[in-house]
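Read through the structure below, which is laid out as structure tokens, and then see the notes.
The values are calculated or read from the model by the stated rules, or taken from the named source; none is laboratory data. Note that this is a predicted model, so its numbers are computed, not measured. Backbone-built Cβ (ideal geometry, glycine too); neighbour counts: all protein chains shown.
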Amino acid sequence: MDILKKLENYREEEEKLKWEGTFADYLDLLKEKPWVAQSAHSRVYNMIKDAGIEEVDGVKKYRFFSHQLFGLEEALEKLVEEYFHPAAKRLDVRKRVLLLMGPVSGGKSTLVTMLKRGLEAYTRSDKGAVYAIKGCPMHEDPLHLIPQHLRADFYDEYGIRIEGNLSPLNTLRLEEEYGGRIEDVLVERIFFSEDKRTGIGTFSPSDPKSQDIADLTGSIDFSTIAEFGSESDPRAYRFDGELNKANRGLMEFQEMLKCDEKFLWHLLSLTQEGNFKAGRFALISADELIVAHTNETEYRSFISNKKNEALHSRIIVMPVPYNLKVSEEEKIYEKMIRESDVADVHIAPHTLKVAAMFTILTRLREPKRADIDLLKKMRLYDGKTVEGYNSQDIKDLKNEYQDEGMFGIDPRYVINRISSTIIRKEIKSINALDVLRSLKDGLDQHPSITEELKEKYLNFISLARKEYDEIAKKEVQKAFVYSYEESAKTLLDNYLDNVEAYCNKVKLRDPLTGEEINPDEKLMRSIEEQIGISENAKKAFREEILIRISAYARKGKRFDYYSHDRLREAIQKKLFADLKDVVKITTSTKTPDEQQLKKINEVVARLIDEHGYNSTSANELLRYVGSLLNR
Ligand SMILES: Nc1ncnc2c1ncn2[C@@H]1O[C@H](COP(=O)(O)OP(=O)(O)O)[C@@H](O)[C@H]1O
Ligand SMILES: [Mg+2]
């Protein structure tokens, strides 16, 4: 379908969604769809809930956020369960300004933008529909028309609680345009749009001396005072501040803590009492979610200032820390690259993972437990199985420190280093080494890195490099085996047959000759030695394997290559040991013979076809691994 056709369809859809009627019609509609009268907080919560919630390992995962925010599940669960959910139920937190606090480039703005874009779409759906008094610059809630003395009766009939008073402007219009007949007041469906300034606002402070409160609460339109005769005629007022425009929806307050106090007090009265003062009018009721964001330093200095004391209790702080999982960090980079101009560059497999390892290391604190080092902690946090540790260990580790995720390298730094590598070298293919080198070079230019920190970070770069060396070797060795999985499986089965015969003290049957033969001690030892199992310990190890097999069998599961971590490691090492010389010689000869050349081409082809390399990165990998094996 071409774009013009799509535009036309969109317009038609918009037309279909429109609704206009009298207040009496609106009441009929409410009987059918009572949810359209929900509060702004409730709408935001339902928007998140309606997108779907999964539960993974006891942590909630909101689909609303999960395609753009990675590794923030715990923070998001806290945000939804401790703010949005109770706020939707009209509990007290609703009366506080929501302040997202986290380190730079940790996803705070992204989160707020998702809420904004989400609301724009949600108000176009049936569940998220919003209705307002027609022609009102603040799209006032039509139910404000119901006078105070009838609200209890209204609640009995409709089960809907009304908050807020009819604004001065609509009070006047009701008299002048509708002769006081509430039932005739026109109501329309509205659709949130930041561009059209409906239901969504953004306030960012500028120079405190020149900034006018009008940006927030609107202002007198002097050109119309003559027409209406007085400054206190609401028709002479322009309700075009961000708070006015965001009514019924959400206002983002950027750099809130940098803002002059007088702005804050307006906000606080709004959140606390549900109304704010504008011009010379009675208080104006508004219903909106206010979200601000800040970093920790700014927040601490705000808190420590005595002058701000009264404000503390009116703000609810929700942490938005950095992600601490390598695999999620990779997804962040993938997303940022996809959205950038360098999206067409080939990035060799494992490149982003290795960069992510470095980044996550900078965000972790050294474990207090002596049996866990930083790398192990990194793996555990990422949900990788580390033999001998379970989910309780992860919980304990997380409880050791409260500030993890609040410091370290930010994702934007990594993306900038990747882009600068690409741009400077004009290369169309980058690998892990390019990126590590660039991360290292960049440390000198990073504004907030002290010498001491730099030392530490350089150490993390070499840790990540070592991890990469292992990954690279394995990758090449795997590619050397015609079918790695197949070979590993065959070797494993062979080993298990022998172990079984050994433990049960029986003989094996030679598959070819049918002759009875003793278990192949040499084969078993050659595998066990790979993981340092001594002659004395071999019996216990073999028996443990056998017990594991029968435990699996009892549960109806098959014991396979992935069932026992150490055995898998042993099998892998054995396969690689057998190959080592071939790999070493093949990858490092300057003048390969015909046989070696054929092998190299085969391996390169496999790296390209099965492992996601291109010919540049595959050849770079082979050369690098060759040099590693010759060290
Ligand atoms: N946890 C995360 N998941 C997905 N993207 C993230 C995450 N943290 C940061 N980003 C990305 O990093 C960039 C900077 O994030 P941003 O929302 O501007 O941070 P902040 O407002 O906290 O400074 C954005 O491109 C954002 O998408
Ligand atoms: Mg931001």
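Is there a residue in region 323-337 that is basic (K, R) and closer than 23 Å to T616 by Cβ? No - not one qualifying residue is present in region 323-337.
For region 107-124, residues that are touching a Gly at 6+ places or on another chain (Cβ under 8 Å) and under 18 Å from E328 (Cα atoms) total 1. Restricting the first member to region 91-118 and to residues that are in contact (Cβ under 8 Å) with a residue 40 or more places away in the chain, and the second to residues that are of a type in the set (A, V, I, L, M, F, W, C) and near ligand 1 (Cβ under 6 Å from one of its atoms), the beta-carbon pairs closer than 6 Å and six or more apart or on different chains are G107/L69.
Kindly provide the set of residues from region 539-575 that are under 17 Å from E387 (Cβ atoms), surrounded by 17 or more Cβ atoms within 10 Å (Cβ to Cβ) and in contact (Cβ under 8 Å) with a residue 60 or more places away in the chain, ordered by number. F559, L567, I571, Q572, listed by residue number. Given the structure, is K474 assigned to a helix (DSSP H, G or I) and over 30 Å from A537 (Cα atoms)? No. For region 80-112, the tally of residues that are within 16 Å of ligand 2 (Cβ to nearest atom) and of a type in the set (A, V, I, L, M, F, W, C) stands at 7. Out of all the residues in region 576-599, is one or more surrounded by fewer than 16 Cβ atoms within 10 Å (Cβ to Cβ) and at pLDDT 90 or above? Within region 576-599 (the criterion being surrounded by fewer than 16 Cβ atoms within 10 Å (Cβ to Cβ) and at pLDDT 90 or above), the answer is no, since none of the residues qualifies. When E366 is tested against (1) more than 13 Å from ligand 1 (Cβ to nearest atom); (2) assigned to a helix (DSSP H, G or I), just one condition goes unmet, and that condition is (2).
Residues of region 24-44 that are of a type outside the set (D, E, K, R), closer than 17 Å to Y155 by Cβ and in a helix (DSSP H, G or I): Y26, L27, L30, P34, W35, V36, A37, S42. Going by the structure shown, is I517 of a type in the set (V, I, T), surrounded by fewer than 16 Cβ atoms within 10 Å (Cβ to Cβ) and closer than 15 Å to L496 by Cα? No; evaluated as a whole, the condition is false for this residue.
When you look at E261, is it charged (D, E, K, R), away from ligand 2 (no atom under 15 Å from the Cβ) and under 20 Å from L79 (Cβ atoms), yes or no? Reasoning before the result, please.
Details: charged (D, E, K, R): yes; away from ligand 2 (no atom under 15 Å from the Cβ): yes; under 20 Å from L79 (Cβ atoms): no.
The answer is no for E261.
Each residue in region 84-104 was checked for being surrounded by 17 or more Cβ atoms within 10 Å (Cβ to Cβ) and either under 23 Å from T297 (Cβ atoms) or near ligand 1 (Cβ under 7 Å from one of its atoms) (or both), and 8 pass. One residue stands out in region 65-82 among those that are over 19 Å from Y381 (Cα atoms) and surrounded by fewer than 21 Cβ atoms within 10 Å (Cβ to Cβ): the one that is nearest to the chain's Cα centre (by Cα), namely Q68. Kindly provide the set of residues from region 242-268 that are under 26 Å from G135 (Cα atoms) and part of a helix (DSSP H, G or I), ordered by number. Listed by number, the residues that qualify are E242, L243, N244, K245, H266, L267.
The set of residues in region 528-563 being in contact with a Phe, Trp or Tyr (Cβ under 7 Å, 6 or more places away or on another chain) and outside any helix (DSSP H, G or I) consists of I533, R558, F559, S563.
With the requirement that a residue be touching a Gly at 6+ places or on another chain (Cβ under 7 Å), of a type outside the set (A, V, I, L, M) and assigned to a loop (DSSP other than H, G, I, E, B), what does region 319-354 give you? Selection gives P321, Y322, N323, K325, P349.
Can L115 be described as within 16 Å of ligand 2 (Cβ to nearest atom), modelled with pLDDT of 95 or more, closer than 15 Å to I48 by Cα and within 37 Å of the chain's Cα centre (by Cα)? Break it down into steps so the answer makes sense when it comes.
Values: within 16 Å of ligand 2 (Cβ to nearest atom): yes; modelled with pLDDT of 95 or more: yes; closer than 15 Å to I48 by Cα: yes; within 37 Å of the chain's Cα centre (by Cα): yes.
For L115, the condition - within 16 Å of ligand 2 (Cβ to nearest atom), modelled with pLDDT of 95 or more, closer than 15 Å to I48 by Cα and within 37 Å of the chain's Cα centre (by Cα) - is met.
Checking T385, T421 one by one, the residue that is surrounded by 14 or more Cβ atoms within 10 Å (Cβ to Cβ) and among the hydroxyl-bearing types (S, T, Y) is T421 and no other. The helices (runs of 4 or more DSSP H) falling completely within region 388-443 that include 1 or more residues that are within 20 Å of the chain's Cα centre (by Cα), within 16 Å of ligand 1 (Cβ to nearest atom) and in contact (Cβ under 8 Å) with a residue 40 or more places away in the chain map to 411-425. Residues of region 287-307 being within 16 Å of ligand 1 (Cβ to nearest atom) and surrounded by 14 or more Cβ atoms within 10 Å (Cβ to Cβ), which ones? If the condition is that a residue be within 16 Å of ligand 1 (Cβ to nearest atom) and surrounded by 14 or more Cβ atoms within 10 Å (Cβ to Cβ), then V291, A292, H293, T294, N295, E296, E298, Y299 are the ones that fit. When I316, I337 are screened for being more than 16 Å from ligand 2 (Cβ to nearest atom), touching a residue at least 60 places away in the same chain (Cβ under 8 Å), surrounded by 15 or more Cβ atoms within 10 Å (Cβ to Cβ) and within 30 Å of I423 (Cα to Cα), only I337 passes.
Listed here are the residues, each with its yes/no results for (1) touching a strand residue (DSSP E or B) at 6+ places or on another chain (Cβ under 6 Å); (2) over 17 Å from R173 (Cα atoms); (3) modelled with pLDDT under 90.
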site: V187; (1), (2), (3): yes, no, no
site: I190; (1), (2), (3): yes, yes, no
site: E194; (1), (2), (3): yes, yes, no
site: P205; (1), (2), (3): no, yes, yes
site: A214; (1), (2), (3): no, yes, yes
site: T224; (1), (2), (3): no, no, yes
site: E227; (1), (2), (3): no, no, yes
site: D233; (1), (2), (3): no, no, yes
site: G241; (1), (2), (3): no, yes, yes
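Per the listing K108, K61, the residue uniquely closer than 27 Å to T297 by Cβ and either assigned by the TED database to the domain that holds K245 or within 16 Å of ligand 1 (Cβ to nearest atom) (or both) is K108.
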